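Handing you this structure, nothing more for now.
What follows draws every value from the coordinates through simple rules; no lab data is involved. This structure is a prediction, so every number in the text was calculated from the model and none was measured. Note: ideal-geometry Cβ built from the backbone for every residue, glycine included; neighbour counts use all protein chains shown.
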């Protein structure tokens, strides 16, 4: 159904020379759309495919089909931020609390992007079309009362993240070696995760254990977090490669 929708949105953009878009996509869905685009968009000059989720590091993104006259500035208008604030006293709400209360309103996950929680506040990226509905109906997460306001993307608050630099050596820059090193797994467990489709390189699903990883690449292991291969160094006397990985905590 997703791929049929993508083809339909592309045709609308191409035939009517207008920007069209999907709902929010997770990493696997983004991979499916990108792979399909390689087929239907080959040689395409009038329409381009752009992924955007509100900020550079967004995990959930919308696929925009943008005519040659347009830009991502047009796409930005399709998204907005719902800033939800809870009282400073009481239990601090988590990502799960916010997401559970939103889906409890009957909303599908596909209309909700990343939820950025920082203290007693969460910036929730949504399709602009549901903003008014949320302002009228979203007033609680569990038993905690929320106050809401709509914020433009320029005002999005991205919490400061904690990272840790990990130094290691690997036999080669194969994906299974890097996943094992980044997420403290055995190579067999890393290979199993890759083959099961829960490993992503630069937001694209990769299922080949021997896929090459390059300096600067982003690795995501679903359920474990993300990491960047920051440094590829020289070889050791035992012919292993020095690496430095920045792991997000």
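Which of the three applies to the stretch 1-82, rounded, prolate or oblate, going by the alpha-carbon gyration tensor with a ≥ b ≥ c and a/c under 1.5 meaning rounded? Show your work: numbers first, answer last.
On the way: a/c = 1.76, a/b = 1.19, b/c = 1.48.
It comes out oblate by the Cα gyration axes.
Just want the ordering: 247, 195, 162, from fewest to most Cβ atoms lying within 10 Å of their own Cβ. Present the calculation step by step, with values, prior to reporting the outcome.
Values: 247 19, 195 13, 162 8.
By the 10 Å Cβ count, ascending, the order reads 162, 195, 247.
Same structure again: Taking the number of other C-beta atoms within 10 Å as the exposure measure, put 165, 1, 204, 19 in order starting with the fewest.
Working: 165 10, 1 5, 204 14, 19 21.
Fewest-to-most ranking of 165, 1, 204, 19: 1, 165, 204, 19.
Can you grab the distance from the C-alpha centre of the stretch 19-66 to the C-alpha centre of the stretch 184-249, Å, no decimals?
So the two Cα centres are separated by 24 Å.
If you line up the long axis of helix 2-16 against the longest principal axis of the chain, both from Cα atoms, how many degrees apart are they, to the nearest 10?
Value to nearest ten degrees: 70.
Choose one answer from 102, 32, 136: the residue with the largest mean-square fluctuation in a GNM of the chain with alpha-carbon springs under 10 Å.
136
Determine, for 245, 198, the number of other Cβ atoms within 10 Å of each Cβ, and report the residues in order from fewest to most. Provide the component values of the computation, followed by the final result.
Details: 245 21, 198 17.
Going from sparsest to densest Cβ surroundings: 198, 245.
Further, regarding this structure: How large is the Kirkwood hydrodynamic radius of the chain, counting all unique pairs of alpha carbons, in Å? Walk me through the intermediate numbers first.
Working: mean 1/r = 0.0498 Å⁻¹.
This gives a value of 20.1 Å.
Under 8 Å for C-alpha pairs, at least 6 residues apart: give me the relative contact order for the chain, rounded to a whole percent.
Working: 442 pairs, mean separation 38.3, N = 249.
About 15 percent, as a whole number.
If you don't mind, there's one more thing I want to ask. Mind giving me the FRET efficiency for residue 149 and residue 215? R0 is 41 Å, r the Cβ-Cβ distance, nearest 0.05 is fine. Kindly include the intermediate steps, with their values, before the conclusion.
Values: r = 41 Å, r/R0 = 1.00.
Efficiency, from the Cβ-Cβ distance: 0.50.
Now for a separate question. Of the candidates 46, 160, 78, which one comes out as most mobile in a Gaussian network treatment of the chain with C-alpha springs shorter than 10 Å?
Largest GNM mean-square fluctuation: 160.
Can you give the angle from 0 to 90° between the axis of helix 27-40 and the longest principal axis of the chain, with both taken from C-alpha atoms, to the nearest 10?
90
Give the shape of the stretch 163-248 as rounded, prolate or oblate, defined through the alpha-carbon gyration tensor: a ≥ b ≥ c are the square roots of its eigenvalues, a/c under 1.5 means rounded, and otherwise the shape is prolate if a/b is larger than b/c and oblate if not. Don't skip to the end; give the middle numbers.
On the way: a/c = 1.73, a/b = 1.37, b/c = 1.26.
Prolate, since a/c reaches 1.5 and a/b exceeds b/c.
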